[in-house]
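Reading through the structure tokens given below for one structure.
The values are calculated or read from the model by the stated rules, or taken from the named source; none is laboratory data. Here the structure is a predicted model, which is why all the values come from computation and not from measurement. Because the Cβ atoms are built from the backbone with ideal geometry, glycine has one as well, and the counts that use them run over all protein chains shown. Just so you know, the surface numbers come from the protein's heavy atoms only, side chains and all, with ligands and any DNA or RNA stripped out. Shrake-Rupley method; radii C 1.70, N 1.55, O 1.52, S 1.80 Å.
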Amino acid sequence: MQLLRDFVAFVQRMSSDLVRSVKECLTLISKCSCLKQNSSKARQLYKPILQPHERVTAEEFLQHIETGFEMSPLGKDSLEALRTLAFSENPGLQQSAALYYLHMSQHMNIPLPVEHLESFYALLRSADLEVQQMSSLSLVNILLEGNIDKELVVQMGLLEPVLDLLESEDPTVQCNSCACTMILAVSESNREAICAARGVTPLLSLANSYDPRVQQNAVGAILNLTQSEKIQQVLCKEGALPVLALLLESPDSEVQYYSCAALSNMAANAQHHEAMLRPGNRFLLRTLISLLSSSVGKVSSQACVCLRNLATSDIQAEMIAEDVLPKLCSLLVSGNEDVRHASIALLWILSQHPHHQDTLACAELLQSLGMLLSLHKTDPVIVAHAACIIKNLSLSKTTERIIESTCVEGLLQTMLSTDTEEDSLHYVTSCLAELAKQEGAMLHMVQWIDEPLTKCLVRLAGQLKHTETSFQAASIIQHVIGHEKMVLLLKHHIGEIQAYLKNFLVHQEIRFQQLGIATFCRLQADPEFAFAFRKSQMAKLLEQVRQQTEETQELLRAANYHEDS
């Protein structure tokens, strides 16, 4: 009997432990996010009864619609009727309100009064699928047309039901809620609200959707979120980088563009480079380079932007090893302006590294740059970047290749077409001044300089507003003076030359004074210039400079003497 009692007690104790363990397990399971009870999945336990006041409201509302909106479409009377229908427990009445808002959003481009957001909240929270579909779509339309303030939508509490609808099983609802989120995420405060409401995770999940509409809008929303550096950190922690990298291979060009643009935003922040370019895994780099060959302009353009943001000194060698140069050369001659701008900006980054300059200075690239300068001489982005690239390449042992191309002629011609106010003119004159220091390039330059270019150089040297452009133009003149052709051309502008030389001699910067003296000495060898200088009292200015220099030398000697003592 005792053994039997012990056995019963043992079974009871084991059963109690088992029941407790099952309860604990079920409690943990119930807390899992995948079992979260959603308003979209709620089950009604009874058939809602149509209340008398709801029936009257619906009938009156229908009469107003039939009489052609004698009342204001979104006025006070409409608001009261729509609110009654929206907050009803009857799906049919909610559908009527949702359908009305959908019609309004598609056919009447008028601002939505703030008071109607309460009705939208009720409709988005509806358990009826059709109501969810129509109300979410009408909200998308209203947001797209700018008929409601986006930040006000979030402040009025509509963000929560919109994000809840991301977890719907219906693709249409998913698509619309993603679109709403994408549009709302255009402001910084809204982006922070979406992140705080844990909207990042469901968006990343829907970015892998098999429905192309859902995928596009989800990735578009992620793109807008990446405009915030703070949210970039959250996206990285949530595993966004591998998701976006894989989406680059999507057959949908919109998805490719959105994901590439999102990665570009993240690549602009150097702290993400290590995660994006992990050693031994260059999937992202190779995929971006392959996208340079995309037939869709905005995709290849965005791939260039992303590569440019990633182009640290360590990764540049790998880019060139992956045969990026031929692809970029083909993009330079694209008919798409954005593609041309993005590709030449990437080439400029690559040209800054001395180890790559010899590889970049190939005939194909230089000819492409020369052609670009010829065809787009008024495009400041093309002109500035081309000039910087040619200057960088001229610093290596590739001057002969530059001379053989059409780059020098292209740079000279852009000076005639570029406004003095343009920053690009500074880069052009700086590049030509660097080339003029090298004998071969300078001789080639002289062959192309004619009267209009001479007049342009003298005018740029004499203008006072942009001092750096003035200095570089004067430097070009000083280097080409040794040729008889140039002296003959410059004789037509003796007065203007004297004027800018006087400005240089009294300039506060020593380099301007030195350039002015060097130019004066070379021009004085010509009798006409020498005679003009004597008449213009240039000698007095030179004497003043000499006295200032001697005084400076005396002070320096005194300072050195005291230091030695």
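The rows are residues; the columns are (1) of a type outside the set (G, A, S); (2) under 30 Å from K237 (Cβ atoms).
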position: E118; (1), (2): yes, no
position: S187; (1), (2): no, yes
position: Y210; (1), (2): yes, yes
position: V214; (1), (2): yes, yes
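If you take the residues of the range 373-386 that are over 23 Å from the mean Cα position of the chain (by Cα), in a helix (DSSP H, G or I) and not polar (S, T, N, Q), which of them is surrounded by the most Cβ atoms within 10 Å (Cβ to Cβ)?
It comes out as L373.
Looking at L143, L137, L117, which one is part of a helix (DSSP H, G or I), in contact with a Cys (Cβ under 7 Å, 6 or more places away or on another chain) and within 28 Å of E192 (Cβ to Cβ)?
Residue meeting the stated conditions: L143.
Give me the residue from the range 495-510 that is open to solvent by 30 Å² or more (accessible area, probe 1.4 Å) and of a type outside the set (S, T, N, Q) and, out of that set, farthest from the chain's Cα centre (by Cα).
Step one: filter the range 495-510 for residues open to solvent by 30 Å² or more (accessible area, probe 1.4 Å), giving 495-496, 499, 502-503, 506-510.
Then drop every residue that is not of a type outside the set (S, T, N, Q), which leaves 495-496, 499, 502, 506-507, 509-510.
Details: G495: 48, E496: 44, A499: 45, K502: 46, V506: 45, H507: 41, E509: 38, I510: 41 Å.
So, considering only residues that are open to solvent by 30 Å² or more (accessible area, probe 1.4 Å) and of a type outside the set (S, T, N, Q), the one farthest from the chain's Cα centre (by Cα) is G495.
Based on what the data block shows, is Q513 in a helix (DSSP H, G or I) and within 47 Å of the chain's Cα centre (by Cα)? Break it down stepwise before answering.
Numbers: in a helix (DSSP H, G or I): yes; within 47 Å of the chain's Cα centre (by Cα): yes.
Answer is yes for this residue.
Just one of (1) open to solvent by 10 Å² or more (accessible area, probe 1.4 Å); (2) closer than 26 Å to H385 by Cα; (3) not hydrophobic (A, V, I, L, M, F, W, C) trips up S264, so point out which.
It is condition (1) that S264 fails.
If a residue has to be open to solvent by 40 Å² or more (accessible area, probe 1.4 Å) and farther than 18 Å from I349 by Cα to count, how many in the range 387-433 make the cut?
Residues in the range 387-433 being open to solvent by 40 Å² or more (accessible area, probe 1.4 Å) and farther than 18 Å from I349 by Cα: 13 in total.
Taking only pairs six or more apart or across chains, which ones have beta-carbon atoms under 6 Å, a first residue in the range 210-232 that is of a type in the set (D, E, K, R), and a second residue that is part of a helix (DSSP H, G or I) and buried (at least 23 other Cβ atoms within 10 Å of the Cβ)?
What qualifies is R213/C175.
Just give me the residues in the range 97-133 being open to solvent by 30 Å² or more (accessible area, probe 1.4 Å), under 37 Å from the mean Cα position of the chain (by Cα) and closer than 20 Å to D164 by Cβ, in sequence order.
E118, Y121, R125, Q133 - these are the residues of the range 97-133 that are open to solvent by 30 Å² or more (accessible area, probe 1.4 Å), under 37 Å from the mean Cα position of the chain (by Cα) and closer than 20 Å to D164 by Cβ.
Kindly indicate whether any position in the range 313-336 is basic (K, R) and either in contact (Cβ under 8 Å) with a residue 40 or more places away in the chain or part of a loop (DSSP other than H, G, I, E, B) (or both).
no
Grab the helices (runs of 4 or more DSSP H) fully contained in the range 407-484, keeping just those with 2 or more residues being without any contact (Cβ under 8 Å) to a residue 12 or more places away in the chain.
Those helices (runs of 4 or more DSSP H) span 439-448.
Consider only pairs whose beta carbons are under 6 Å apart and that are at least six residues apart or on different chains; among these, list those whose first residue lies in the range 245-272 and is assigned to a helix (DSSP H, G or I) and whose second residue is open to solvent by 20 Å² or more (accessible area, probe 1.4 Å) and of a type in the set (D, E, K, R).
Pairs that qualify, where the first residue is assigned to a helix (DSSP H, G or I) and the partner is open to solvent by 20 Å² or more (accessible area, probe 1.4 Å) and of a type in the set (D, E, K, R), are Y257/K298.
State which residue is least open to solvent (accessible area, probe 1.4 Å) when the search covers only the range 288-341 and only residues that are of a type in the set (G, A, S) and closer than 14 Å to T359 by Cα.
Here the residue is A317.
Can you name the number of the only condition in (1) open to solvent by 50 Å² or more (accessible area, probe 1.4 Å); (2) within 20 Å of M538 (Cβ to Cβ) that L488 fails?
Single failed check for L488: (2).
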